[in-house]
1. Going by the structure shown, is Thr133 under 24 Å from Val66 (Cα atoms), at pLDDT below 95 and surrounded by 17 or more Cβ atoms within 10 Å (Cβ to Cβ)?
2. Would you confirm, using the coordinates I've provided, whether Thr153 is modelled with pLDDT under 95, assigned to a strand (DSSP E or B) and β-branched (Val, Ile, Thr)?
3. If you go through the stretch 40-74 one residue at a time, how many are of a type in the set (A, V, I, L, M), under 20 Å from Arg295 (Cα atoms) and buried (at least 19 other Cβ atoms within 10 Å of the Cβ)?
4. Please verify whether Ala228 is modelled with pLDDT of 95 or more and surrounded by fewer than 19 Cβ atoms within 10 Å (Cβ to Cβ), treating the condition exactly as stated.
5. List the residue pairs whose Cβ atoms are under 6 Å apart, where the first residue sits in the stretch 267-286 and is at pLDDT below 70, the second is of a type in the set (Phe, Trp, Tyr), and the two are 6 or more positions apart or on different chains.
6. So, of the residues in the stretch 98-115 that are farther than 17 Å from His73 by Cα and not polar (S, T, N, Q), which turns out to be nearest to the chain's Cα centre (by Cα)?
7. Restricted to the stretch 240-253, and to residues that are in contact (Cβ under 8 Å) with a residue 60 or more places away in the chain and either outside any strand (DSSP E or B) or aliphatic (A, V, I, L, M) (or both), which residue is surrounded by the fewest Cβ atoms within 10 Å (Cβ to Cβ)?
Amino acid sequence: MKNLNISLVLVATLGFTTMQAQQAPMYTHYMYNTLSVNPAYAGSRDALTITGLHRSQWVDFKGAPVTQTLTLHSPIRNEHIGLGLSVSNDKIGPTNNTAIFGDFAYMMKLTKKSKLALGLSAGANIFQGNMSTLALDNQTDPIFQSDIRNRVTPNFGVGAYYSLERFYAGVSVPNLLQNNYSVINLPDGSTLTGKEQRHYFFIAGGMIKISDNLEFKPTTLVKMTPAAPLQADITASFVIMKKLLIGAMYRSGDAVGGLIGIDLTEQLHLGYSYDWSYGLNTSKYNKGSHELILRYDFIYSSKKQIHSPRYF
């Protein structure tokens, strides 16, 4: 089991001559965690919205990813401006990455029913790699002799978000810069560089009315980064009585699962998901992945009529 755990860390963090962090964190509730991947979403809900998420991936697998995110965003008095704050912490094996970003969105009305927002984010990633704590067969391996302590790397991102009442689509690049974490000199004269990897995201979703008490909500998140397969999350959910959500998800090459959510009030949503990794050798050694999300809208007085329900 020790060798299997070390192999997982190596696959997640090492390339041939470049060391990279795990691909961007996975979220089964990506449709409720949009600000984490697209800054143009800021202010889109016409309220001060706070969302907290916790994900435990590959439960019972030592060194498996654990991720938390906290986002808040709101329009300001100028109806064209949205501001937000995104904080995330992603831990896998001996590595930990904390990201803190401010988000800005400029919203334009294209027609009476459609809007386009352009977004910009700026902040920093704080990376730690306690590589020397690993139990290795070869304790003198130079790759694992140097720890990375609180390596701060500034970054910024961009995004676009198009929305109708019952449809949205967006594209984004949350981290444009590919900063280096470290450079390790190997005995053969070559070097191993640890760096951030740029990711590209596409999101889309809709709400289709079937009857007065039943609606269908399909959504997708597509992730692309160099030197890794294209990955797509596809989710099909049904919303019952405008309160209860039940859905199924598929993540290409990785996982299948289900999610459930409930609007406890018009302002408070609670959701849970479970997914099982079918495409990894680790699937037989873990008990799946759990995710919990809580979102609250602080609706404030405004001359602008706040639309309810807010579907996305």
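1. Details: under 24 Å from Val66 (Cα atoms): yes; at pLDDT below 95: yes; surrounded by 17 or more Cβ atoms within 10 Å (Cβ to Cβ): no.
In short, no.
2. Numbers: modelled with pLDDT under 95: yes; assigned to a strand (DSSP E or B): yes; β-branched (Val, Ile, Thr): yes.
The answer is yes for Thr153.
3. At the first step, the residues of the stretch 40-74 found to be of a type in the set (A, V, I, L, M) are 40, 42, 47-48, 50, 53, 59, 64, 66, 70, 72.
After this cut, where a residue has to be under 20 Å from Arg295 (Cα atoms) as well, the list is 40, 42, 47-48, 50, 53, 66, 70, 72.
Restricting the remaining residues to those that are buried (at least 19 other Cβ atoms within 10 Å of the Cβ) gives 40, 42, 47, 53, 72.
Number of matching residues: 5.
4. Values: modelled with pLDDT of 95 or more: no; surrounded by fewer than 19 Cβ atoms within 10 Å (Cβ to Cβ): yes.
The answer is no for Ala228.
5. Note: pairs meeting the criteria are Thr282/Trp58; Thr282/Phe61.
6. The first filter runs over the stretch 98-115 and keeps only residues farther than 17 Å from His73 by Cα, leaving 98, 108-115.
In the following step, the residues that additionally are not polar (S, T, N, Q) were identified as 108-110, 112-113, 115.
Working: Met108: 25, Lys109: 27, Leu110: 28, Lys112: 31, Lys113: 28, Lys115: 23 Å.
Here the residue is Lys115.
7. Our first condition is that a residue be in contact (Cβ under 8 Å) with a residue 60 or more places away in the chain; within the stretch 240-253, this holds for 242, 249, 251.
Then drop every residue that is not either outside any strand (DSSP E or B) or aliphatic (A, V, I, L, M) (or both), which leaves 242, 249.
Values: Lys242: 14, Met249: 22.
So, considering only residues that are in contact (Cβ under 8 Å) with a residue 60 or more places away in the chain and either outside any strand (DSSP E or B) or aliphatic (A, V, I, L, M) (or both), the one surrounded by the fewest Cβ atoms within 10 Å (Cβ to Cβ) is Lys242.
The values are calculated or read from the model by the stated rules, or taken from the named source; none is laboratory data. From a predicted model like this one, the values you see are computed outputs, not experimental measurements. So basically every Cβ, Gly included, is an ideal-geometry build from the backbone, and we count neighbours across all protein chains shown.
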